[in-house]
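One structure is given below, encoded as C-alpha cells.
The values are calculated or read from the model by the stated rules, or taken from the named source; none is laboratory data. Just so you know, these numbers come straight off a predicted model, no measurement behind them. So basically every Cβ, Gly included, is an ideal-geometry build from the backbone, and we count neighbours across all protein chains shown.
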C-alpha cells in the first residue's frame, strides 16, 4: 500500500479509510495530536505525472524567494502566463483559495447589510440598446438583427428603479468595459456593487450608507476571516486596514487645502491626479490615522452629466469619492431627478438626448430626489488586502 | 393649501409636514387610528398631467375586470406593450413591487443557505471564447479583434472551480441565450442560480442540497413574506405551494410507470414532453400531495455530454430534474470527471473537442467526483407564485 501510495503523481485525488487514534508517543512538529491508521487507500483521480508547475513554487512568497536567493539557494518561480494558462491549478494555492473566500464574504455582508436596511436586491439588464452612460468604450453585439451593447454599469436602470417606486435598491452583477488599458485600475469584466436610494433631505444620507456598510464589511472580515487573512498575509504581507468607527468626511476643498499646505498645488475645479490622490491619502493617514475616508462636494465639471449640482454653488456638486489606501474605491452622488435639467446637462456634454429618452422620460411622472454609489468587488478585496503593489 | 394639493397631477411626489394626532371621533373605513394634521405641503416633483396609463387600471385583477364587465360596467385595461414601454410606471403597481421583493428574498435565502453549508460564492466570466456548452444559440461579439461570446451558463467554469480545489461553489448571475422563441419557457437574459460541489459517495448528495435549499426558500417565503404574497394573490389568485418536509424523489422509470398506468405511453429512453411532465405532476400531486418533487436517473441519451452515466447501466445517468407545479425548474447531475471519457462523450455528440480543451484539460491533474445543478431565478419566482398561466 505504501508503495502504491508513493507511486502516485502529485495532486492525484485519493480516498483513505482508516482508524483515528491517539498515538502513545506524542506527535512532534505539528499541532495535530491524533493520527489516522490507514487501512484502505484508493486513487480516485490520477494526475498526469508532470504538472505544468509545482504548487509549492506557486505558493512561495516574494520574501521567501528573496531569502533563499540571498542564501545562495536556487528558487523556481512561476511566471504569470503559466499560472493563467493553468488557472485551475494556480487557484489551488492557499492564498488564492482564501482570496476568493474573502470575496465571497464581502458579497454576503454587502447583501445582508442592505437587505436589513430595506433595500430591494434587483438585477438590471446587461444586454441593452445604445451605450449605457457614454464614457468608456462598450462591447457591441447583434441582437436579432438590431444593434445592442453590454451595460457598462447599472447606473441608468438602478435610477429608473427608483422612479419605479422601489425606494432603495442594490445590484451585484457583472459590468463590462471594452478597456484597452492593462493596469490594476482597468478590467474588461468585473462584479459591480451598486446602490441607489431615495434621499429625504440631503446627500449625506447616501454617505451614511457607505460609511455603515463598509465599516460592517471591514469588521466582518477582521472578525470572521482572520485565518484567511493570515494565509494571504503569509504570501503578500500587508498592513491591517486602518479605519475609524465613524468614517472621516472631508470636502474636496479641504482636500485641496491639505495638499496646498503640503506643497502640492492642484486645480480647485479640476480632477485630482492619481499621484495627488495618493499624496492626500498619506496626509489623511498622518493627520487622522485612517486609510479609509470620504471626499465629497466635488467640482461639477469633472463628474458625470447626471450628477446634481450644489444648490448654492453650481461649480460644485453633491457628489463624493471614497478612498482606501490612497486609491479611489467608490464613486457616488445625488442624481438629477428633474428631467429638463437632466436633458440640458446631457446635451451640454455632447450626448444625443434622443438615445436616452427612455431614461430621461422616466423622471417625468413623479421622481423622488435620489442618489447612490458604485464600487467594484475585485477592487474592494484588492485594496482591503493591500494587493495594489 | 387644499386647492394647491388638489391641483397636482397624479403620481406627483410631495413632502408633507404635519402633526400626528388621535382624532376625537374614531376614523371609519381604515384600520389606521391616527391622522396627520397637515401644516406644510410641498411638491417635490410634478408629474406630467396625463399619465401613459392609470395605476388603478394596471393594478386591477382579471377577476375584478370580469366582475365589472358582468355588472355591465366599463373597464379600462392596459395592454402589455403600453406597460412595457412605461415599465418605470408599471412597476409601481403593488403586485409588481412585491414580486421583486420575493425575488430579492429568494436570492438572500439561496446565498445564505449555501454559505452556511460552506459553499464559496464565486463569479464566473460572462465574456468567453467559443460557445459555452453547445446547445442553444449564443450571442457573439468582438473582443479586441477576437471572436467571443456571452456565456449560456456558468457550467464549464463552475466545474473548473471544483478542479481548482474550491470543494463547493455557487454562482448567481446573468446567463444569456440567443433564443428566438417567445414563451414563458424562454428568455434571452435571466439570473442563473448555479451550484457545483464535490461528491463523496453518491449523486444523492447533490439532491440533498436541492431538497434542503428549496424547502428553506419556500419556508422563508411563506413565513416572512405573507404580506407580499397576499398582495400578489389579490391580483393573480394562486394555490399556496404544496411541498413535503422531505422532498419526494422518484426515478425516471417510476415516473414512466406512473404515466403508463394512467394510460400515457412514453419512450422509457426518451425525453418527457411538456404535456407528459404536466400529467406526471398531476399524478404525483394526487398520490403524494406535493407539487415539488425530484425525478432522477434519467436516460443518458437526452442529457448533456458532461453527464455521468450510471455505473451499472449506461443507458441511464446520474442526473435529475426538479419540478414545481408540473414544470421543470432545476436540472442537475453528477458530471464526468475522467478526461478521456469526457472527451469521448463530447465527440460522440459532434462537439469539436479542440474548442473546449481548456475545460477538458482541467480534469487531467487530479479531479474529484462532483455534481451540481442550475435553476433560473425568474422561473423559481414565477412557479412559486403560480404565474405559469
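Within segment A:294-308, does at least one residue satisfy the condition of being touching a helix residue (DSSP H, G or I) at 6+ places or on another chain (Cβ under 7 Å) and more than 28 Å from residue A:344 (Cα to Cα)? Scanning segment A:294-308 turns up at least one residue that is touching a helix residue (DSSP H, G or I) at 6+ places or on another chain (Cβ under 7 Å) and more than 28 Å from residue A:344 (Cα to Cα). Can you pull out the residues in segment B:246-280 that are closer than 17 Å to residue B:322 by Cβ and in contact with a strand residue (DSSP E or B) (Cβ under 7 Å, 6 or more places away or on another chain)? The answer is B:247, B:248, B:249, B:250, B:251, B:252, B:255, B:277. Here residue A:193 passes the criteria (1) farther than 24 Å from residue A:242 by Cβ; (2) under 15 Å from the mean Cα position of the chain (by Cα) except the one numbered (1). Out of the residues in segment A:191-202 that are crowded, with 19+ Cβ neighbours inside 10 Å and away from chain B (no Cβ under 11 Å), state the one that is farthest from residue B:15 (Cα to Cα). Filtering segment A:191-202 for residues that are crowded, with 19+ Cβ neighbours inside 10 Å and away from chain B (no Cβ under 11 Å), the one farthest from residue B:15 (Cα to Cα) comes out as A:193.
The requirement of being in contact (Cβ under 8 Å) with a residue 60 or more places away in the chain, more than 14 Å from chain B (Cβ to nearest Cβ) and either surrounded by fewer than 20 Cβ atoms within 10 Å (Cβ to Cβ) or farther than 28 Å from residue B:92 by Cα (or both) is fulfilled nowhere in segment A:361-370; no residue meets it. Looking at the structure I just gave you, is residue B:344 in contact (Cβ under 8 Å) with a residue 40 or more places away in the chain, closer than 26 Å to residue B:202 by Cα and surrounded by fewer than 18 Cβ atoms within 10 Å (Cβ to Cβ)? No; evaluated as a whole, the condition is false for this residue. Among the conditions (1) assigned to a helix (DSSP H, G or I); (2) more than 23 Å from the chain's Cα centre (by Cα), the only one that residue A:102 does not satisfy is (2). Residues in segment A:1-37 that are within 24 Å of residue B:365 (Cα to Cα) and either assigned to a strand (DSSP E or B) or touching a residue at least 60 places away in the same chain (Cβ under 8 Å) (or both): A:11, A:13, A:14, A:15, A:16, A:17. Quick one: is residue A:345 within 24 Å of residue A:244 (Cα to Cα), in a helix (DSSP H, G or I) and in the same structural domain as residue A:156 (by TED's automatic domain parsing)? In short, no. Total residues in segment B:287-315 satisfying the condition of being surrounded by fewer than 16 Cβ atoms within 10 Å (Cβ to Cβ) and either within 25 Å of the chain's Cα centre (by Cα) or over 26 Å from residue B:217 (Cα atoms) (or both): the figure is 9. The set of residues from segment A:175-190 being at the interface with chain B (Cβ under 9 Å from one of its Cβ atoms) and surrounded by fewer than 23 Cβ atoms within 10 Å (Cβ to Cβ) comprises A:178, A:180, A:188, A:189, A:190. Only one of B:127, B:55 is more than 30 Å from residue B:179 (Cβ to Cβ) and in contact (Cβ under 8 Å) with a residue 24 or more places away in the chain. Can you tell me which? None of the other options fit; the residue is B:55. Selection of segment A:61-98 for residues being in a helix (DSSP H, G or I) and touching a helix residue (DSSP H, G or I) at 6+ places or on another chain (Cβ under 6 Å) yields A:83, A:88, A:90, A:94, A:95, A:98.
Within segment B:107-121, the set of residues being at the interface with another protein chain (Cβ under 9 Å from one of its Cβ atoms) and in a helix (DSSP H, G or I) comprises B:107, B:108, B:111, B:112, B:115. Examine segment B:281-297 for a residue that is touching a strand residue (DSSP E or B) at 6+ places or on another chain (Cβ under 6 Å) and within 14 Å of another protein chain (Cβ to nearest Cβ), and state whether such a residue exists. So far as segment B:281-297 goes, no, none of its residues is touching a strand residue (DSSP E or B) at 6+ places or on another chain (Cβ under 6 Å) and within 14 Å of another protein chain (Cβ to nearest Cβ). Go through (1) touching a residue at least 24 places away in the same chain (Cβ under 8 Å); (2) more than 30 Å from residue A:24 (Cα to Cα); (3) within 13 Å of chain B (Cβ to nearest Cβ) one by one and return the number of the condition residue A:63 breaks. In the conditions (1) touching a residue at least 24 places away in the same chain (Cβ under 8 Å); (2) more than 30 Å from residue A:24 (Cα to Cα); (3) within 13 Å of chain B (Cβ to nearest Cβ), residue A:63 misses (3) alone.
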